[in-house]
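Below is one structure, written out as structure tokens; the observations come after it.
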Amino acid sequence: MTRMRAVDAAVLILEKEGSTETFGLPGAAINPFYSAMRAHGGIRHTLARHVEGASHMADGYTRAQAGNIGVCIGTSGPAGTDMITGLYAAQADSQPILCITGQAPVAVLDKEDFQAVDIASIAKPVTKMAKTVLEAAQVPGVFQKAFQLMRSSRPGPVLIDLPLDVQLTEIDFDIDTYEPLPVAKPAATRAQADKVLDMLVAAEHPIIVAGGGVVNADAADQLVELAELLQVPVSPTLMAWGSIPDDHPLAAGMVGIQTHTRYGNASFLASDFVLGIGNRWANRHTGALDTYRAGRKFVHIDIEPTQIGRVFAADYSVVSDAGAALSALVEAAKSRRDAGTLPDYSSWADECTQRKGTLHRKTHFTEQPIKPQRVYEEMNSAFGRDVTYVTTIGLSQIAGAQMLHSYRPRSWINAGQAGPLGWTGPAALGAVRANGDAPVVALSGDYDFQFMVEELAVGAQHGLPYVHVVVNNSYLGLIRQSQRPFDMDYQVSLAFENINADATDPSSGYGVDHVKVAEGLGCKALRVEDPEQIGVTLQRAMELMREHGVPVVVEVILERVTNIAMGAALDSVNEFEELALSSEDSPTALSPLTAVD
């Protein structure tokens, strides 16, 4: 046993648990923890400009690579309350991040001391555990339990609050004999797998809906193997996009009332059986449940028992880790294949592939100001298959999910359920920390970009290069579109005459000069107003990113108003027909000719 401060034990545990990437800001009440990180040297720290930004960096880091658990660190009081949005975003999408806060000394916690807030109570609804540690000897056990909870069952975040005197108290601790606690994950049985397959093979037009649990379980390969064994099409949810490559013959396209493809919705509506694995039946995926459920049976497999029956009662359900369930299903499917008892779904799969070759939205617009659809067409061409996209919410995210392509798990990083504005930039920085030299591209509307724009300086200071595409219509575009039923356009315009702008510049009335803002924060920035220049500008951005090792902002000046396809139900998505739907007008559309074997 070694005598050491409680914070020294905590830092050693972080190292042994493999969480050596931290993001945050020091302060008086957390300085002992920082002194322990400095003394032991095994932890890398990225200094953020805002604690909420640090929490999103930890979240982006976690999402970018399997097995990661990002750590966010802040002082007492407002640092903890600033983390709440980050904790909510992580909890909503089942992401494990660890938030560590400093706290006033134990003796003054009920005396309204400076920056002494009951952060554990505030954080409890959006964490798997939130605890203020009052006894120094409990610090190792609390950290040990935190890692077990973050990894067990449905993953999620934890907050540990450390009073100043608890951090400094010496305890006896032996890191050499410390071991992580076992992780508990339910697993489907062979009998359950056979029951699922019995129901599936009784259908004529089955489809698999893959949710974020497949990605969390690092089980994309098993998903594709099962689909290929059965020759059953797969529709990934937003959180699982890339779990089957978009150009795989069995990739049926995303389903939803906002983030979706036309062919994905059409194939789903033609199905008669749905096997949901690791998904939540989220409302932006299902839309109106009477339409979503009509004429089809459902099986639901999820790691979290409380998700079963939460939105609607499936015809059969299994509580299981997605990876374990897929392994059991693959084994059962192989047995049936070898016995020659699997139905032939090739005609159904070909039918879905045919839709994928025809049902696309027009993207090749040549008008100026630029229509947003053209931006995503050019992004597909410029960034290719190896890019990792990061985004959060708004018309930019919805249109991106309708028109971009994803080819591998964790290549589409999205704060799906919470969707906090400002998440994109910090999360992209966290993804860069995880991805190393692999290209990261963030996608924001102008309002999302203006939230937490100060974090660009973190990328400049720490050498975290990525490309940030900002589609600027100087509007709260999604909110403006949702105001249409109220016949109003109220408090959603961001446009104003910037007194510093060149009056001859077509973007002068758009308000904020994002190029100057980015350059002032130590980054490179480009602006494009001609649709024919988008591609070369994106390529130039990649060159600048590699040359200078800093974030590069590409601001695309859009037309002020564009309505993006969405609706209340899968069969009533408003396509805004003035945009002339045509597969021929979408050069980057996926077709049977471009599908891979």
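The values are calculated or read from the model by the stated rules, or taken from the named source; none is laboratory data. Source: prediction; values computed, not measured. With ideal geometry, Cβ positions are generated from the backbone for all residues, glycine too; neighbour counts draw on all protein chains shown. Surface areas here come from the heavy atoms of the whole protein model, side chains and all, with no ligands, DNA or RNA. Shrake-Rupley method; radii C 1.70, N 1.55, O 1.52, S 1.80 Å.
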**Prompt:** Which cross-chain or sequence-distant (5 or more) residues have an amide H under 5 Å from the amide H of residue 161, H modelled 1.01 Å from N in plane?
**Reply:** 101, 131, 132, 133
**Complete:** Taking a straight Cα-to-Cα line shorter than 21 Å from residue 297, and setting aside same-chain lysines fewer than 8 residues away, one finds 195
**Prompt:** Quick one: if you take sqrt(5λ) for each eigenvalue of the C-alpha gyration tensor of the chain, what semi-axes come out, biggest first, whole angstrom?
**Reply:** 39, 34, 20
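Name the shape class, rounded, prolate or oblate, that the alpha-carbon gyration tensor gives for segment 194-335, where a ≥ b ≥ c are the square roots of its eigenvalues, rounded holds for a/c under 1.5, and otherwise prolate holds if a/b is larger than b/c and oblate otherwise.
On the way: a/c = 1.24, a/b = 1.14, b/c = 1.09.
Taking the square roots of the gyration eigenvalues as a ≥ b ≥ c, segment 194-335 is rounded.
Which of rounded, prolate, oblate describes segment 185-224, given a ≥ b ≥ c as roots of the alpha-carbon gyration tensor eigenvalues and a/c under 1.5 marking rounded, otherwise prolate only if a/b is larger than b/c?
Working: a/c = 2.74, a/b = 1.36, b/c = 2.02.
It comes out oblate by the Cα gyration axes.
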**Message:** Check which residues have an amide H placed less than 5 Å from residue 234's amide H, if you skip close sequence neighbours.
**Reply:** 208, 251, 252
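Which percent of the Cα-Cα distances in segment 435-474 go past 13 Å?
Details: 456 of 780 pairs.
Of all Cα-Cα distances in segment 435-474, 58 percent exceed 13 Å.
Rolling a 1.4 Å sphere over the protein heavy atoms, what is the accessible area per residue of the chain, to the nearest Å²? List each step's numbers first, then the result.
Details: 22210 Å² over 597 residues.
With the other protein chains kept in place, the chain gives 37 Å² per residue.
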**Prompt:** Taking the alpha-carbon centroid of each part, what is the distance from segment 370-387 to segment 148-218 in angstrom?
**Reply:** 35
**Asked** Calculated FRET efficiency, residue 561 and residue 385, Cβ-Cβ r, R0 30 Å, to nearest 0.05?
**Response** 0.35
**Message:** Can you work out the Karplus-derived ³J(HN,Hα) for every residue in segment 308-321? Use 6.51 cos²θ - 1.76 cosθ + 1.60 with θ = phi - 60°, whole Hz, and x for glycine or proline.
**Reply:** 5, x, 5, 9, 7, 7, 6, 6, 7, 9, 9, 8, 7, 4
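Defining a contact as two alpha carbons under 8 Å apart and six or more residues distant in sequence, what relative contact order in percent does segment 51-145 show? List each step's numbers first, then the result.
Details: 121 pairs, mean separation 24.8, N = 95.
The value is 26 percent.
Can you give the relative contact order of the chain as a percent, counting alpha carbon pairs under 8 Å and 6+ residues apart? Walk me through the numbers on the way to the answer.
On the way: 1376 pairs, mean separation 88.0, N = 597.
After rounding, I find 15 percent.
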**Asked** If the cut-off is 17 Å between C-alpha atoms, which lysines fall inside it for residue 145, apart from same-chain ones fewer than 8 positions away?
**Response** 16, 124, 128, 131, 185
**Item:** Simple spin-label estimate for residue 344 and residue 486 in nanometres, 7 Å along Cα-Cβ
**Value:** 5.7
**Request:** Would you mind counting up the charge near residue 252? Only other residues with Cβ under 11 Å from its Cβ, with Lys and Arg at +1 and Asp and Glu at -1.
**Result:** 0
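Calculated FRET efficiency, residue 548 and residue 111, Cβ-Cβ r, R0 60 Å, to nearest 0.05?
Details: r = 51 Å, r/R0 = 0.84.
About 0.75, to the nearest 0.05.
Using the beta-carbon distance between residue 179 and residue 38 and R0 = 30 Å, what value does 1/(1 + (r/R0)^6) give for FRET efficiency, to the nearest 0.05?
On the way: r = 26 Å, r/R0 = 0.87.
The formula returns an efficiency of 0.70 here.
Suppose the chain between residue 137 and residue 438 were pulled fully straight at 0.36 nm per residue; how much longer would it get relative to their current alpha carbon spacing? Can you show the working numbers first?
Values: separation 301, 0.36 × 301 = 108.36 nm, distance 4.20 nm.
Here the segment from residue 137 to residue 438 would lengthen by 104.2 nm.
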**Prompt:** Can you list the residues, at least 5 places off or on another chain, whose amide H is less than 5 Å from the amide H of residue 412, using H built in the peptide plane?
**Reply:** 389
**Request:** Measure off, as a whole percent, the carbon and sulfur share of the 1.4 Å-probe accessible area of segment 136-219, all protein chains present.
**Result:** 52
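Classify segment 1-80: rounded, prolate or oblate, from the alpha-carbon gyration tensor (a ≥ b ≥ c, eigenvalue square roots; a/c under 1.5 rounded; otherwise prolate if a/b is larger than b/c)?
oblate
Based on DSSP H runs of at least 4 residues, each adding -39500 (n - 2.57), what is the mean residue ellipticity at 222 nm of the chain after dividing by all its residues, to the nearest 500 deg cm²/dmol? Don't skip to the answer; put the middle values down first.
Numbers: 23 runs with 221 residues, N = 597.
Only helices count here, giving -10500 deg cm²/dmol.
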**Request:** Take the solvent-accessible surface of the protein heavy atoms, probe 1.4 Å, and return the percent of it on segment 442-546 that carbon and sulfur atoms account for.
**Result:** 52
**Complete:** Per the rule of 0.36 nm per residue minus the C-alpha distance, extending residue 31 to residue 204 adds in nm 56.0 nm
**Item:** Extended-chain gain in nm, criterion 0.36 nm per residue less alpha-carbon gap, residue 519 and residue 354
**Value:** 54.7 nm
**Asked** How do 344, 161 rank by accessible surface area computed with a 1.4 Å probe, from largest to smallest?
**Response** 344, 161
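Using a 1.4 Å probe on the protein heavy atoms, what percent of the accessible area of segment 290-416 belongs to carbon and sulfur? Can you show the working numbers first?
On the way: 2120 of 4620 Å².
Ligands and nucleic acids excluded, carbon and sulfur reach 46 percent.
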